[in-house]
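Engineer: One structure, pasted below without further comment.
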Amino acid sequence: MQQPQPGDYIDIHVHDGKPAAGIFILESLMAHEEKMPENKTGVTYTYGIHPWFLNEENHDRYILKVEKLARLPFIIAVGEAGFDHLKGPSAELQRRSFEEQIIISEEIKKPMVIHCVRGWDELFTVQKRFKPKMPWLVHGFRGNTILANQLLSKGMFLSIWFEFVLRPESAELLRALPTDRLFLETDGADVDIRQIYKKVATDLNIEVDQLKKVIIKNFNTFFGI
Ligand SMILES: [Zn+2]
């Protein structure tokens, strides 16, 4: 398994990632794509069914792909998977797909990366029912402090949405949260992860080097390293 090196920035959620010196990425591969993971320095992968690209016709085929590919050694998590009530198929199908991916995650003992838009109640319900042993990371988080604390109290890790992080008002949320389950991401957008770290370090009144250490530690905790 590729692992971040001391001093690396970690971009925990990327699409179409390009390796760059000093930046360790977790690239999200999705079952509707043909792209396969490669053994490249500084890159590691998740594999799952994104709710946007799911339908009744493709679901069973995609689940078989996740079953097979998520076991590959370069793939270290299942997802992104979850709920999106602004886009994608019926809530029923989204839930079925998410639950089947949780079963895979638990079976192969790899954590889950979650995409969740307006589906928090369902996320909590499913978590309560499955009581997963593998940790869950909610990526692209853009909610308020109350919701963040709710997710944290249920053991989840949070990666904050890049656009929100760069706004001045995110300082309040960042300061209110414990840093031991925090991640940062670009989501493959045209934004520099180093700029995101700089903003967050300033908000937290710590050095970027300190923030790098915190996030590497979180990575090791999340992936059981
Ligand atoms: Zn994504």
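The values are calculated or read from the model by the stated rules, or taken from the named source; none is laboratory data. Please read these numbers as outputs of a predicted model, since none were measured by experiment. All Cβ positions, glycine included, derive from the backbone under ideal geometry; neighbour counts span all protein chains shown. Protein only, heavy atoms only, side chains kept; ligands, DNA and RNA dropped before computing areas. Shrake-Rupley method; radii C 1.70, N 1.55, O 1.52, S 1.80 Å.
Engineer: Taking 22 Å as the cut-off for C-alpha to C-alpha distance, list the pairs among 133/199; 65/131; 133/154; 109/154 that go past it.
Structural biologist: 133/199; 65/131
Engineer: Could you calculate the contour length gain from residue 118 to residue 145, that is, 0.36 nm times the residue separation minus the distance between their Cα atoms, to one decimal place in nm?
Structural biologist: 8.2 nm is the gain from fully extending residue 118 to residue 145.
Engineer: Let me ask something else. In nm, give the distance between the simple-model label positions of residue 153 and residue 85, each being 7 Å from the Cα along the Cα-to-Cβ direction.
Structural biologist: It is 2.0 nm.
Engineer: Still on this structure, I have one more. Rounded to the nearest 20 Debye, what is the dipole magnitude of region 1-100 about its Cα centre when Lys and Arg each give +1 and Asp and Glu each give -1 at the C-beta?
Structural biologist: 200
Engineer: Rounded to the nearest 0.05, what FRET efficiency is calculated for residue 53 and residue 172 with R0 set to 45 Å and r the Cβ-Cβ distance?
Structural biologist: Efficiency computed from Cβ-Cβ geometry: 0.85.
Engineer: Also: So how tilted is helix 193-204 from the main axis of the chain? Cα-based, degrees 0 to 90, rounded to 10.
Structural biologist: The two axes meet at around 60 degrees.
Engineer: So, one more: Any idea how far the Cα center of region 167-219 sits from the one of region 105-130, in Å?
Structural biologist: Result: 24 Å between the Cα centres.
Engineer: Which three extents, in angstrom, do the Cα atoms of region 48-146 have along their principal axes, listed largest first?
Structural biologist: The principal-axis extents, from largest down, are 36, 30, 23 Å.
Engineer: Based solely on its DSSP helices, what 222 nm [θ] is calculated for the chain when runs of n ≥ 4 H residues each add -39,500 (n - 2.57) and the sum is averaged over all residues, nearest 500 deg cm²/dmol?
Structural biologist: Theoretical 222 nm ellipticity from helices: -11500 deg cm²/dmol.
Engineer: Between residue 220 and residue 18, what is the label-point separation in nm under the 7 Å Cα-to-beta-carbon projection?
Structural biologist: Each label point lies 7 Å from its Cα, and together they span 3.1 nm.
Engineer: Within the accessible area of region 114-225, what % is carbon and sulfur when the probe is 1.4 Å and the other protein chains stay in place?
Structural biologist: Reported share for carbon and sulfur atoms: 49 percent.
Engineer: May I ask you to work out the translational diffusion coefficient for the chain at 4 °C, viscosity 1.567 mPa s, via Stokes-Einstein with Rh from the Kirkwood sum over Cα pairs, reported in whole µm²/s?
Structural biologist: Calculated translational D: 74 µm²/s.
Engineer: Okay, moving on. Tally the DSSP beta bridges in the chain and give the antiparallel ones as a percent, rounded to 5.
Structural biologist: About 5 percent, rounded to the nearest 5.
Engineer: Tell me, which longest segment in the chain has none of the GluC sites (Glu not before Pro) that fall in DSSP loops with at most 12 further Cβ atoms within 10 Å?
Structural biologist: Formally, the longest exposed-site-free interval is 58-168.
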